[in-house]
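In what follows, a single structure is set out as structure tokens and then discussed.
The values are calculated or read from the model by the stated rules, or taken from the named source; none is laboratory data. Keep in mind that what you see is a predicted model, and the values were worked out from it rather than measured. Cβ: placed from backbone, ideal geometry, glycine included. Neighbour counts: every protein chain shown. Quick note on the areas: whole protein, heavy atoms, side chains included, nothing else; ligands and nucleic acids left out. Shrake-Rupley method; radii C 1.70, N 1.55, O 1.52, S 1.80 Å.
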Amino acid sequence: MNHGERDLAVRQRLHPVTVVFEAIKIARSFIVPVAVGALTAARRNPGETAMWIALIAGVPALVGGIAKYARFSYEISDEALVVDSGVLQMQHRVIPLASVQNVNVRQTAMQRMLGVATLTVETATGGMSAEAEFAVLRRASADVLLSRLLAERRALPEELHANAVRVAPAGAPAGAQETVIHHLDPADLVIAGATANHAGLIIAAAAGLVQFRDELPYLDVGIRQFQRLPLDSVSSAVLIGLAAVAMLLVIGWIVSIAGCVIGYYDFTLMTGGQRLRKTHGLLARVNSTIPLDRVQALRVEDSFLRRPLGLSRLRVMTAGSALGDMESRGAETITPIARAATVPCLVRAVFPALDYSGIVLRPVHSRSRSRAFTLYLCVLLALAMAATAWRVQLMVIPAVLVIPAWLLAAWQYRHRGYAMDTQYVVARNGAFNRITWLVPEHKLQTLHVRESPFQRRHELATVQLDTSGGGRVASVHDLAYGEAVRLVNSLRRGLTETGIANQARATGAI
Amino acid sequence: MDDQSLIFGPGAKSLDARVVRLWRWHILVWTGGLAVTVAVAGWVLELGSWSAVATVAVAVPGLLLGLLWPRARYRSWRFEVRDTDVVLRRGVWWRMTSIVPHSRIQHVDTKHGPLERRLGLSSVVLFTAGTVGASIEIPGLPVGEAAELRDLLASLGRAGAAV
């Protein structure tokens, strides 16, 4: 490999004024300590203070600026952009032009005066910062680089291009026929609100308990001095506490219902032209469009409150949305509530080739149950030890909990499963909030088999089905190790073709 | 390694054995730094013999970890570049096997810090559009081999990166 020598001829550098911009950037990170130091010392000895500021902030800034300029070099060929950077931690990055998603050229006022610009290159990798930043280039070089990076993208086939567009135009696409496939009445929304947010209710109740604890001193002292206190005062304190919790639960419940009705008022879901469009809201009317080719996965969520009623919530994970917290990142609600009978129809609107009602899930390995039970036993054992140290009689509580622990483990096992359709993978887990993941094979990015030390004791493994949806990742927990490997091996065959061919096959374009 | 044959073919590779030295140095530097901090803190707070005890309590587990962990970690690593994907397996306690199809690679890095440079080692990092597999690092490869792997994967990924 004579890479370095061959490259020398075509290697390009940043504009020398980079040194100044980088030095300013570094100096800025010193600004707080320097300002504090200057304010306290300047009155006594202005000359010496100026020297120290120059030494502490100026020298590292200048050295850093020069080092960055000296180390940064790049090269663009017909296939890839190659960037060398980093002073101590040296980095050599190869970005194939086919994976360039976004190119931006920006100029600050100062940069405009100097005739330079900052160019950033982004790929589909979900990072907070750009994959390559050229700060700063001569304006003309930035334009040349921009056109070369984008020339490659224009040559791409249309299917991929649709993905390269990050922000989909809002509103209804012109000329596309839309049909309403789902509509919710206020009565549906009351049910949705009444059965949603059980985690929120529990948190509200717990917060209420903590808040009221101060006002219920007997509850604290109660257990230790049980015999000494008159019985009726203890029981009345407990009663007040229970009443307070119940009241909080009812208030939380009403807020949840009202929020659901106002937020999702007149919820309408429409389909047409390879997009889903939804409108809802009483006060602020929301109108949002979900391009179907950006859907990475669909999740059917049925919490334990809703399962007996045959109700589910549907959400899709989409690519490219990096905002929001970990749990809801990239997740877009398709419907806050749907009856079991309409779920297959809604699933078909997102994945036309998938028959939801025809899915037969295979159970995960039954050792999954014993593994969960072992875990709970360990927790109970720790509890029992802590309880014994405090008061021997309290040991009864963990002992009584052994049976519920087994039931919980069995319950969780029953709600786990997976299936493989011709083009989709289905993964289900979660007992309290059961989530059924539907993932198109051609949207899979990477596959992982994870084994914790506890799983390895039982020869179990978890398969993670990674897409660019962000947030939580679809996974099949506790398969027998051999079965997990067989699953990823059969899936990887679907990933071998290029994305273009796969996508064409899935959308029926060819 | 009993179940390797389920995943790997004849082309499976391990890391360069020098990576054990690299990781030992990392742990040594961290342990040393921590031990010195504890010792200085003990001296400043005038804890007397307790500061010596605390320093030993930090240094001994650190040194033990440095002795055992790098070798175990090195042994746990295997990877193979196949026709259509890269497969990697690593982890001493929490083991993870990952499959990264060539078509899903967005871009590829090689990187090396000062210590790696002295040992002639370099890391390759694969970037995909995925969530858990957004970046996957293969540490401790000889510099030349890392550059070759990087260029190979970048050219294979070029065939069609997709979201």
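Numbers below:
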quantity	calculated
Set B:65, B:88: member being within 14 Å of chain A (Cβ to nearest Cβ), under 26 Å from residue B:17 (Cβ atoms) and hydrophobic (A, V, I, L, M, F, W, C)	B:88
Single condition residue B:124 does not satisfy, out of (1) open to solvent by 20 Å² or more (accessible area, probe 1.4 Å); (2) assigned to a strand (DSSP E or B); (3) of a type in the set (Val, Ile, Thr)	(1)
Some residue of segment A:285-303 being part of a loop (DSSP other than H, G, I, E, B) and more than 22 Å from residue A:417 (Cβ to Cβ)	yes
Segment A:58-76 residues that are under 16 Å from residue A:15 (Cα atoms), paired with ones that are open to solvent by 30 Å² or more (accessible area, probe 1.4 Å) and polar (S, T, N, Q) (beta carbon under 9 Å, 6 or more apart)	A:73/A:12; A:74/A:12; A:75/A:12
Top-ranked residue of segment A:466-489 - restricted to ones that are at pLDDT below 90 and small (Gly, Ala, Ser), ranked as nearest to residue B:128 (Cα to Cα)	A:468
Residue within segment A:39-49 that is in contact with a helix residue (DSSP H, G or I) (Cβ under 6 Å, 6 or more places away or on another chain), of a type outside the set (Gly, Ala, Ser) and more than 14 Å from chain B (Cβ to nearest Cβ) present	yes
Residue match in segment A:85-95 (condition: more than 14 Å from chain B (Cβ to nearest Cβ), of a type in the set (A, V, I, L, M) and under 18 Å from residue A:16 (Cα atoms))	no
Pick from segment A:386-398, criterion touching a Leu at 6+ places or on another chain (Cβ under 8 Å) and of a type outside the set (Ser, Thr, Tyr), ranking: nearest to residue A:368 (Cα to Cα)	A:398
Segment B:97-116, residues that are more than 7 Å from every other protein chain (Cβ to nearest Cβ) and acidic (Asp, Glu)	B:116
Checking residue A:444 against (1) open to solvent by 60 Å² or more (accessible area, probe 1.4 Å); (2) under 30 Å from residue B:100 (Cα atoms); (3) at pLDDT 90 or above, the condition it does not meet	(1)
So residue B:47, is it part of a helix (DSSP H, G or I) and free of Cβ contacts under 8 Å to residues at least 40 places away in the same chain	no
Of residues in segment A:40-80 being farther than 23 Å from residue A:24 by Cα and touching a Lys or Arg at 6+ places or on another chain (Cβ under 8 Å), the one most open to solvent (accessible area, probe 1.4 Å)	A:79
Any hit, segment B:141-152, residues being in a strand (DSSP E or B), crowded, with 23+ Cβ neighbours inside 10 Å, within 20 Å of the chain's Cα centre (by Cα) and not polar (S, T, N, Q)	yes
Selection status of residue A:500, at pLDDT below 90, in contact with an Asp or Glu (Cβ under 8 Å, 6 or more places away or on another chain) and β-branched (Val, Ile, Thr)	yes
Test: residue in segment A:417-438 that is at pLDDT below 95, loosely packed, with under 13 Cβ neighbours inside 10 Å and assigned to a helix (DSSP H, G or I)	no
Selection within segment B:127-138 - buried (at least 17 other Cβ atoms within 10 Å of the Cβ) and either over 29 Å from residue A:444 (Cβ atoms) or free of Cβ contacts under 8 Å to residues at least 40 places away in the same chain (or both)	B:127, B:128, B:129, B:130, B:131, B:132, B:133, B:134
Looking only at segment A:460-475, and only at residues there that are facing chain B (nearest Cβ under 9 Å) and in contact with a helix residue (DSSP H, G or I) (Cβ under 7 Å, 6 or more places away or on another chain), the one that is nearest to residue B:95 (Cα to Cα)	A:461
Enumeration of residues in segment A:249-272 that are open to solvent by less than 50 Å² (accessible area, probe 1.4 Å) and not hydroxyl-bearing (Ser, Thr, Tyr)	A:252, A:257, A:258, A:259, A:260, A:261, A:263, A:267, A:269, A:270, A:272
Close pairs (9 angstrom Cβ cut-off, 6 or more residues apart or separate chains): assigned to a helix (DSSP H, G or I) and at pLDDT 85 or above in segment A:387-407, among the hydroxyl-bearing types (Ser, Thr, Tyr) and surrounded by 13 or more Cβ atoms within 10 Å (Cβ to Cβ) anywhere	A:402/A:376; A:404/A:376; A:405/A:376; A:406/A:376
Residue list for segment B:75-85, filter: facing chain A (nearest Cβ under 10 Å) and buried (at least 21 other Cβ atoms within 10 Å of the Cβ)	B:85
Residue within segment B:57-74 that is within 28 Å of residue A:471 (Cα to Cα) and open to solvent by less than 20 Å² (accessible area, probe 1.4 Å) present	no
Test: residue B:87 is assigned to a helix (DSSP H, G or I), closer than 30 Å to residue B:156 by Cβ and touching a residue at least 60 places away in the same chain (Cβ under 8 Å)	no
